[in-house]
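Step one of this worksheet: look at the structure below.
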Amino acid sequence: MAGLAIALGSGAMTNTIAEIGDSACILASGTSTTEAHPIIGYQVKKAVRKGAKLIVANPQEVPLTQFADLHLPLKPGTDVALLMGMAKVIIDEGLHDQKYIEERCENFDKFKESLEVYTPEFVSDVTGLPWEDVVKAARMYAENGPASILYCMGITQHSHGTDNVLAVSNLALITGNLGRISGGVNPLRGQNNVQGACDMGSLPNVFTGYQKVDNDEARQKFEKAWGVSLSGKPGLTHTEIFDAAYTGEIKALYLIGENPVLTEANAAHSIEAMDKLEFFVVQDIFLNETAEKADVVLPAVSFAEKNGTFVNTERRVQRVRRVIDPVGEAKPDWWIVSAIANEMGHEGFAYNSAEEIFNEMASLTPSYAGINYERLDQGSIQWPCPSVDHPGTPILHTEKFATASGKAKLLPLEYRPSEDCCDFDFPLILTTERSLYQFHSTMTRYSDGLDGLSGGEQILINPADAEKLGIEDGDQVEVKSRRGKLKVKATITRRSQPGVASLSFHFAECPTNLLTSNALDPVAKTPETKVCAIRIDKVEQ
Amino acid sequence: MSELITLTVDGVEIKAEPGTSILRAALANGIYIPHLCDHPDLTSVGICRVCLVEIEGRRPTVSCMTPVEEGMVVTTASEELDQTRKVNLELLVINHDYNCQSCSKNSKCNLQELTRYIGLDEERIKAMRKPMLDSPIDDSNPYYIRNMDKCVLCGICVRTCDEIQGDGCIDFAYRGIKTKIAVLGDKPIIDSTCVTCGECVSRCPVGALVPRNAVEPTYEVETICPFCGCGCGMVVGARGNKIVSSRAVPDSPANNGSLCVKGRFGLSFVNHPNRLTKPLIRKDGELVESSWEEAISLIAQKLGQYKGDQFATIASAKCTVEDNYVMQKFTRAVMETNNIDHCARL
């Protein structure tokens, strides 16, 4: 998200889900859309039925590739080279939108200059793709408008994830696809309310609506509203919090609705970090692997037992309504946190309902100012929605960008290899994937039937690699990285290209993130879970 | 918007968009024409032949496949139409094992609606009835059951899988009296490319595709799916304090009437016996149950010692907007630090 904020001023899906079905070209980069976002997958397939071109850039032969006009099985972690290579083709062949660039973008000349290094030889060498395919993709994307780019964790979970995102936005900008119906740059967000959690300032550097904590005006507004004095120093990010716990700088942690024992990159490190905490509170609906380490565990209600709102990947604020009574003595998360604040003697937490909280938030958040429960009962609203008579904003950047100048910035980018490189001892690249039938690590494991459909954990290995390693389909193998090892069943399939293997990360009995690297992107601080050097050895029975 | 077309149906003047079928135009204006194989989400195919109408100056024709025309005069009921419809309905019913009382579609079945409207002659049906299949039931999928003895071959499932899911894992197989809906090689559905989205189950007009252990909810509530970021509108049904069903909100903007396997079938985690029901406090190394008062007071007392940058909150993208607002306010205003983040980066 940080990348889009740099280039466009706002980090969110620029267009709506329904528009994707009317795109003339879709570039799906680093997303296994049919598995991770099935409903958006329907829209992609709908567009293809109507004649849209589909380009899938993904190291793995994900199920979406069967609908694609072009599959680009690039080497993991080489997206910048591919996308900048495509930009070079577009500009060299004059397929860019000169008028749009002049009117709405900055820095074009510098950007153009920076493309010089992306020669056919360089791009092919880095990505492992034939140059003809890069040219074909560039033409397909530039010549069929409106063109929509979908991306997901395959773009962001890298030590250069921000660069990847900027490369994506560059491509959309030079072709005039931003602010256009059925175009745009569309990061598909993984969790039901990840957009809402970001919007609410569950981030170390911003209050609600991305108002920066180090901006004096914003901070003073919140100080006045909350009646306290606030720190203007941005806090630590997710991975940094675990690092700080490891070194002892963080002594107390309040962790809500997450299971880092399974989902955190380089999990062994974060497990040790959690063990070092002096006081650890976990709030969840299940006693998951992380909760078992806590000093106090608090039972929260599930989505079905609470009122409130979720914000989906297209910035759509929607009402969540209570279906059943809380299970046992479980309580809504806001109630629990408020109860602690009240017990600590703080004012400003005497909430009686979710609606009261929403109204306080909206009064402090310009992009939500026009949203209230009464309106949401009539239908969902996409932010920004600055006033009660504003209909909401389905498409961002239609007239100007949310940057200081109102123009989008084209950014020169340098290809940087992934941090975790292969060598003699760790010759293969491991990447991670999702299963349609699982969701992260906890909820779906408790849903009857889904586990059976997903078929359990398996590492996908290309037949050529399997032959070299003497592994047959169904064999137990040991997978080892510089950080950890685990045992898992092997599946031999061409879905993985030679040199690349993949695992999901849903299963406690096979904790994939013991292997992955927590090398961070310098801006977004996202760990590099999509590229990890490994070795695979057959386990002799 | 293009100019509307005016036509007359049973003496009533109605208007419709060009390209609309007579059937859908009539239904939209509250005029019932019996129909089975037509579904508003799918292309029309004219398989079941019960939606016959008379158009002035033409022979009887299926209304689902005939677009409206300016000045058209349509009649939906006449002696001849009733006769022909009855025969066409018989041809559907002879395929169908109507054991209605033990069927979970009972009273929600489109075939029942048709028979009520058109009428059936039990003796004629008996004489024509198709022999039952040897093994009509495929219960290989954990979430839904296929009973091919109830299938009336309307093809809605085939079109749904093709047009909505886009996978096309089922189709008509065999010929004549042996025709049935099957996956490649007529294998159990679990061995096909089916991704268990349940879109076909939700559209099957009869009891041929039904959720396993289908339970009628006592009440339903409209809410949002808790899984991925698509934000699908869903109607969750419950009986007592237990969730028993979920279906898509027909016109919700994000999902437009669709759900995936998780939203449609994956909500049983809510009532799982392992749910946490009481606060737990670690005492002598073990997590033991406590009261809310004890847990809250312990946390308040402990956290009071860790204010500032030695404290951090990991908030949750699974929780609501309101939950997250309170979490970050607590972290910043009470704990005096900006150390708060959640899984967005992961």
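Annotation: lysines with alpha-carbon distance below 16 angstrom to A:K212 (same-chain offsets under eight excluded): A:K221, A:K224, A:K233, B:K329. For segment A:40-67 versus segment B:82-106, the spacing of their alpha-carbon centroids is 40 Å.
Between the alpha-carbon centres of segment A:460-494 and segment B:56-75 there is a gap of 64 Å.
For B:A16, the shell of other residues with beta-carbons less than 13 Å away shows a net charge of -3, using +1 for Lys and Arg and -1 for Asp and Glu.
Counting Lys and Arg as +1 and Asp and Glu as -1 over every other residue whose Cβ lies under 11 Å from the Cβ of A:P332, the net charge comes to -1. Measuring nothing but alpha carbons in chain B and taking Rh as the Kirkwood radius, the Rg to Rh ratio lands at 1.12.
Excluding same-chain neighbours fewer than eight residues apart, the lysines reachable from A:K487 by a Cα-Cα span under 17 Å are A:K538.
Taking a ≥ b ≥ c as the square roots of the eigenvalues of the Cα gyration tensor, an a/c ratio of 1.5 or more together with a/b no larger than b/c marks segment A:282-351 as oblate.
With the Kirkwood sum run over all distinct C-alpha pairs, segment B:215-275 has a hydrodynamic radius of 11.8 Å. Relative contact order (percent) for chain B, with alpha-carbon contacts under 8 angstrom and 6 or more residues of separation? Relative contact order comes out at 10 percent. Take each residue of peptide B:290-301, count the partner chain Cβ atoms within 10 Å of its Cβ, and average: the result is 5. Rg and Dmax, both from the Cα atoms of segment B:5-128 and both in Å, are 15.2, 47. Residue by residue along B:193-205, Cβ atoms of other protein chains within 10 Å of the local Cβ number 2 on average.
Cross-link check: pairs B:K86/B:K130; B:K262/B:K318; A:K46/B:K108; A:K293/A:K489 evaluated at a Cα-Cα cut-off of 20 Å; pairs beyond the cut-off: A:K46/B:K108; A:K293/A:K489. Relative contact order of segment B:280-345: 31 percent, from C-alpha pairs under 8 Å at least 6 residues apart in sequence. Where in segment B:206-231 does the label zone of A:R321 land, with the point 7 angstrom along Cα→C-beta and an amide N cut-off under 16 Å? Within reach of a label on A:R321: B:217-226. The length gained on full extension between A:E116 and A:K50, counted as 0.36 nm times the residue separation minus their Cα-Cα distance, comes to 20.1 nm.
Spacing of the modelled spin labels on A:R482 and A:D125, each 7 Å from Cα toward Cβ, amounts to 2.3 nm.
On the basis of the beta-carbon distance and an R0 of 35 Å, B:L184 and B:E3 show a calculated FRET efficiency of 0.15. Taking amide hydrogens as placed 1.01 Å from N in the peptide plane, the amide H of B:I145 sits under 5 Å from those of B:V210, B:R212, each at least 5 positions away in sequence or on another chain. Relative contact order, whole percent, for chain A stands at 18, derived from Cα pairs under 8 Å and 6 or more residues apart. Anisotropy class assigned to segment A:2-188 is rounded, per the alpha carbon gyration tensor with a/c under the 1.5 cut-off.
Could you tell me which of rounded, prolate or oblate describes chain A, using a ≥ b ≥ c as the square roots of the eigenvalues of the alpha-carbon gyration tensor, with rounded for a/c under 1.5 and, failing that, prolate when a/b is larger than b/c and oblate otherwise? The shape class here is oblate.
Each of A:L95 and B:E216 was given a label point 7 Å from its Cα along the Cα-to-Cβ line. The distance between the two points is 5.8 nm.
Other protein chain C-beta atoms within 10 Å of residue C-beta, averaged over A:234-244: 5. Pairs of C-alpha atoms in segment B:280-345 farther apart than 14 Å represent 66 percent of all such pairs.
Each reported figure results from applying straightforward, stated rules to the coordinates on display, with no laboratory input. Computed from a predicted model, the values in this text were never measured in an experiment. As a convention, Cβ positions derive from the backbone with ideal geometry for all residues, glycine included, and neighbour counts pool all protein chains shown.
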